[in-house]
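What follows is one structure encoded as C-alpha cells, with my remarks underneath.
The values are calculated or read from the model by the stated rules, or taken from the named source; none is laboratory data. Just so we're clear, the structure is a prediction, and the values are computed from it rather than from any experiment. No Cβ is skipped: glycine too gets one built from the backbone with ideal geometry, and neighbour counts run over all protein chains shown.
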Amino acid sequence: MKCMYCGCPESKVIDSRSTDEGRTIRRRRECVQCGRRFTTYETIETTPVLVVKNGGNRQVFDPNKLKNGIIKACEKRPVSMSKIDRLVEDIKKQVYNSLEQEISSKKLGEMVMEGLKEIDEVAYVRYASVYRQFTDISSFMEELETLMHENKTKQNQQKPE
C-alpha cells in the first residue's frame, strides 16, 4: 500500500480489526520510509446482480425486498425470525454463487417458494397465491392438491417397512 504522505510503496500493518459486521477490515499501517501512520479499509467487491422482471425491466437485487415478502407470507405464523433470515441468506448465496449478473424474478420466486415449503406450508400457500397470481379458486386448489400429494409422498418415503 502506497504511503499517502511520501508515496513510498512499502508499509507494514500494525493493527487489523474487523468492522461493519465482518464485511470490512480496518488496517492501521506505518510507512517504512517516513514512519507516519495511516488507515486503510479492505472490503469485498461485489458485482450487482440484476433481477429481470416479467415485463422485461431490470432492478438491482435487494435482499431486503425479498425478506419483506417472506415476512408478509409468514405473518401470524409460528415462524421465527432466525428461520426467515436463514432462508434469505440461503437465497442470497444461491444468487451470488451462480456467478450470473442477471436472475429472473420467476427463478427468485421459485427459490422463495421452495424454502417456504420446508419452513411453513401456510406461508408457502400465501406466497404462492400472490406470486402465481391465482385468478380463481380452481388454480388455488390445484396448488393445494400438489402440496398435499408431495406431503403424502414424503410421508410414505419416511415410513419404515
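Test LEU87 against the stated conditions and say whether it is surrounded by 12 or more Cβ atoms within 10 Å (Cβ to Cβ) and either of a type in the set (A, V, I, L, M, F, W, C) or not in a helix (DSSP H, G or I) (or both). The answer is yes for LEU87.
Condition check for ILE84 on (1) in contact with a Cys (Cβ under 7 Å, 6 or more places away or on another chain); (2) modelled with pLDDT under 90: one failure, at (2). Residues of the stretch 1-59 that are within 20 Å of GLU102 (Cβ to Cβ), touching an Asp or Glu at 6+ places or on another chain (Cβ under 9 Å) and among the β-branched types (Val, Ile, Thr): VAL49, VAL51, VAL52. Taking the listed residues GLU100, GLU142, GLU75, the one that is surrounded by fewer than 17 Cβ atoms within 10 Å (Cβ to Cβ), at pLDDT 90 or above and among the acidic types (Asp, Glu) is GLU75, with no other qualifying. Flag: ASP85 matches the condition of being acidic (Asp, Glu), free of Cβ contacts under 8 Å to residues at least 60 places away in the same chain and over 18 Å from VAL51 (Cβ atoms). Are any residues in the stretch 14-36 of a type in the set (A, V, I, L, M) and within 25 Å of the chain's Cα centre (by Cα), and if so, which ones? Result: ILE25, single match.
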